[in-house]
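I have placed the structure first, in the form of structure tokens, so that the comments after it can refer back to it.
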Amino acid sequence: MAKKSSDSKDAFLESQTELLHALKECTDAQTKASQQLMDRMDKLLSLFEEAAKQVGEVESVEGRVNALATKLESLLDQNKSIAQGLILLEKYVRGKTRLEPSMETSKPLV
């Protein structure tokens, strides 16, 4: 009877050892899969961070373009005002030269 008990203990221990070995293999596989998942998530996070930076740069460039467009519009308005002023000045000078006697017909001062 002692041999039977010893054989059943040995069989039990062997089955437990096999189960522990199988459990270790499953744990190792799970750890490896978790590590791969974490690596992929890190890559995905890096991709999102890079995309966020590029979106920020695009918005920044867009803002600069809008500011430049506003300044150009202001400059165009100023140029229109200057052009109108020059036209009025030309009309004034032409009107004055028609009314005054010409300098060519006056006597020389020598």
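The values are calculated or read from the model by the stated rules, or taken from the named source; none is laboratory data. Bear in mind the structure is a predicted one, so any value in this text is a computation, not a measurement.
Of everything in segment 3-17, what is modelled with pLDDT under 80 and among the small types (Gly, Ala, Ser)? Give them in sequence order. Listed by number, the list holds a single entry, 5. Checked against the criterion of being charged (D, E, K, R), on the phi < 0 side of the Ramachandran plot and modelled with pLDDT of 95 or more, segment 43-53 has at least one qualifying residue.
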